[in-house]
């Protein structure tokens, strides 16, 4: 797909839309057992970690002018990267289905028409967004973001203007697990941010704005979800919107936020498909991703996404750790190879380590120690190999 350069403002609007998400509000409800103060600390700490990684991942694509999965080739080789492109397409299809499902369920709670009807409406709008194209959304995207901002502020005021906080079992979620849930959402965007920063007029500025805007808005969504559970005593977004008396405005929040977030997942599924085979037309693969996600949302229940979030973390945290090590520290580029066996082995070790760390309650979550371990192993492996070569 040939695309023109995007402005810093355009990138900021894209990631504002990504942050305003029902999935993030729903994930925020899980933080209620921590209470408002500890919950906000966990949300902010997790987002600082996750969005710093998001910035580094986006900067690689912005500097090299390559899509997210094309940058993976620089660490895993031309053929080795196809494994991650395929995994990325699968996770993006999963996200597309989950977002359409959540949006349809919430919309049906506000205006009962049947969940399958709302799946078709939301899926159809996502496909329309794709056909218009990320470069041509222009004023439509600006209007949608302005409407979302105003409506979300109203929702926030309604929730926090309620009664005193409700009581929860404080032991049902540890602080470390909460931090990891907060890291997990920005981490899920790591394999696709470069799809948008690669065409930025000012790559560093656009990447920084993208990460900061997403971090602030995503944290806000988490706090809204947590506040809804604490102050409204409710975790069903449709009930929250009805109690807030938002009516049609609430329905607009649900539909617009779902479309603007899920559009990015489907669009990037198309771009990642191009990395698997040059014969795949990215735009039409994105349309197919939107259609498949819509069908999956109609056919299967998708109410608890925590295991899905942890699976994404275990796959992509060690992957991006290796990319960061190669690009910023070791200055390696193995795109000319078919497969970088060393890095694939290191990724397997990082993946296994993440799954082991999940059994431990670590104050800062699993992602940071797993990535630190993976990066250390990358550097040590590089030094050992260089030492052997010099003999």
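Annotations
- Unique match (being crowded, with 19+ Cβ neighbours inside 10 Å, touching a strand residue (DSSP E or B) at 6+ places or on another chain (Cβ under 7 Å) and at pLDDT 90 or above) among 62, 77, 39: 62
- Candidate set from the range 133-146 (those that are in a helix (DSSP H, G or I) and within 22 Å of the chain's Cα centre (by Cα)); member that is modelled with the lowest pLDDT: 141
Residues checked against (1) surrounded by 22 or more Cβ atoms within 10 Å (Cβ to Cβ); (2) modelled with pLDDT of 90 or more:
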position	(1), (2)
48	no, yes
72	yes, yes
93	no, yes
97	yes, yes
111	no, no
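- Some residue of the range 26-33 being assigned to a loop (DSSP other than H, G, I, E, B) and more than 29 Å from residue 297 (Cα to Cα): no
- If the condition is being in contact with a helix residue (DSSP H, G or I) (Cβ under 7 Å, 6 or more places away or on another chain) and either in a helix (DSSP H, G or I) or at pLDDT 95 or above (or both), then the range 352-375 contributes 353, 354, 355, 357, 367, 368, 369, 370, 371, 373, 374, 375.
- So residue 275, is it modelled with pLDDT under 80, crowded, with 24+ Cβ neighbours inside 10 Å and assigned to a helix (DSSP H, G or I): yes
- Inspection of the range 337-351 identifies no residue that is free of Cβ contacts under 8 Å to residues at least 40 places away in the same chain, surrounded by fewer than 16 Cβ atoms within 10 Å (Cβ to Cβ) and assigned to a loop (DSSP other than H, G, I, E, B).
- The residue of the range 294-311 that is surrounded by the fewest Cβ atoms within 10 Å (Cβ to Cβ), among those that are assigned to a helix (DSSP H, G or I) and at pLDDT 85 or above, is 299.
- Put simply, of 233, 225 the only residue that is in a helix (DSSP H, G or I) and over 14 Å from residue 10 (Cα atoms) is 225.
- Qualifying residue in the range 62-71 (condition: under 30 Å from residue 31 (Cβ atoms), in contact (Cβ under 8 Å) with a residue 12 or more places away in the chain and in contact with a helix residue (DSSP H, G or I) (Cβ under 6 Å, 6 or more places away or on another chain)): yes
- Flag for residue 99 being in a helix (DSSP H, G or I), in contact with a helix residue (DSSP H, G or I) (Cβ under 6 Å, 6 or more places away or on another chain) and more than 16 Å from residue 196 (Cα to Cα): yes
- Some residue of the range 180-203 being part of a loop (DSSP other than H, G, I, E, B), modelled with pLDDT of 75 or more, loosely packed, with under 15 Cβ neighbours inside 10 Å and in contact with a helix residue (DSSP H, G or I) (Cβ under 9 Å, 6 or more places away or on another chain): yes
- Count - residues of the range 235-250 that are surrounded by 19 or more Cβ atoms within 10 Å (Cβ to Cβ) and either in contact with a strand residue (DSSP E or B) (Cβ under 6 Å, 6 or more places away or on another chain) or within 27 Å of residue 294 (Cα to Cα) (or both): 6
- For residue 90: the one exception among (1) free of Cβ contacts under 8 Å to residues at least 24 places away in the same chain; (2) over 15 Å from the mean Cα position of the chain (by Cα); (3) part of a helix (DSSP H, G or I): (2)
The values are calculated or read from the model by the stated rules, or taken from the named source; none is laboratory data. Because the structure is a prediction, the values reported are computed rather than measured. Quick reminder, even Gly has a Cβ in these numbers, built from the backbone with ideal geometry, and neighbours come from all protein chains shown.
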